[in-house]
1. For I134 and S57, what is the calculated FRET efficiency with R₀ set at 41 Å and r taken between the beta-carbons, to the nearest 0.05?
2. Roughly how big is the range 1-115's charge dipole about its Cα centre, with Cβ charges of +1 (Lys, Arg) and -1 (Asp, Glu), in debye to the nearest 20?
3. Report P(r) for the range 154-211: all Cα-Cα distances, bin width 5 Å, range 0 to the bin holding the largest distance, values in whole percent.
4. If I take R0 = 22 Å and measure r between the Cβ atoms of I166 and K207 in this structure, what FRET efficiency does the formula 1/(1 + (r/R0)^6) give, to the nearest 0.05?
5. Expressed in nm², what is the orientationally averaged projection area of the convex hull enclosing the Cα positions of the chain?
6. Using the structure shown, list the pairs from K22/K94; K42/K69; K63/K207; K69/K207 with a Cα-Cα distance above 21 Å, or answer none.
7. What are the membrane-span-like helices in the chain by this rule: whole DSSP H runs, Cα extent along the axis at least 27 Å, mean Kyte-Doolittle hydropathy at least -0.5?
8. Name the residue farthest towards the positive end of the dipole of the chain from the options L114, F171, Y129, assuming +1 on Cβ of Lys and Arg, -1 on Cβ of Asp and Glu, about the Cα centre.
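Throughout, read-outs are computed from the coordinates displayed, never taken from laboratory work. Everything numeric in this text was worked out from a predicted model, so none of it was measured. So basically every Cβ, Gly included, is an ideal-geometry build from the backbone, and we count neighbours across all protein chains shown.
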Amino acid sequence: MAGPDLVRTLVYTINHLLQQEKYRAALAVLKGFRNGAVYGAKIRAPHALVMTFLFRSGSLKDKLRAILKATYTHSRNLAYFVFTYKGLQTLQQKIQGKSFQSHSFLAACVGGWLVFGDNNNINSQINMYLLSRILFALSRLAVEKGFIPQPKHDPFPLFATLVWGIVLWLFEYHPHTLQPSLQSSMNYLYHDSNVWHDISDFLVYNKPRTAS
């Protein structure tokens, strides 16, 4: 019975510690690390699975290794960033006695430089994802603050027109400027659809199956 009693005591002690207000800031940083790791894995694993099996060649072992590596990198980086961001926010608040908007910006800048400043495929995807979101958000904020007038007509159709026109022009004439995963997707959609030999690689497969 010593085993179950020890576990109950340990759980009680941990739960009691988690309720202590004086440790709340530090515990929030630790839970942020946990949430970053979990969320990064949830986001990256299905994406890596689909993209790897659609576009990556090689053995099953190589594909699984690539999926695990991408998932681990995304999960680790997001965990490190959340830990750094929340930790620096807490530190600035402790030093200055209260929270300022600049704390969030400065903490995120440091975390972005330390964690997402390395130029690799995972960081590139995450940074570009965020860039598209903040451009939308800043546009809305500029309208809310009165820096630019409220559009009389929905600007989204013009936005979609320019986005698709520019990206396909880049793909057709300057493909090296686009991210590799985007190049692979567009090759599949727009170039591979120009090639077939019979009904098998017209309807069933993208490319002819090689004899094993």
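1. E between I134 and S57, to the nearest 0.05, is 0.70.
2. 220 debye
3. 4, 16, 19, 17, 14, 14, 9, 4, 2, 1, 0
4. Calculated transfer efficiency: 0.15.
5. Projected over every direction and averaged, the Cα hull of the chain covers 21.2 nm².
6. K69/K207
7. Working: long enough: 24-55 (45 Å, 0.70); 60-96 (54 Å, -0.37); 121-144 (35 Å, 0.62).
For the chain, where a helix must reach 27 Å along its axis and average at least -0.5, the hits are 24-55, 60-96, 121-144.
8. Highest projection toward the positive end goes to L114.
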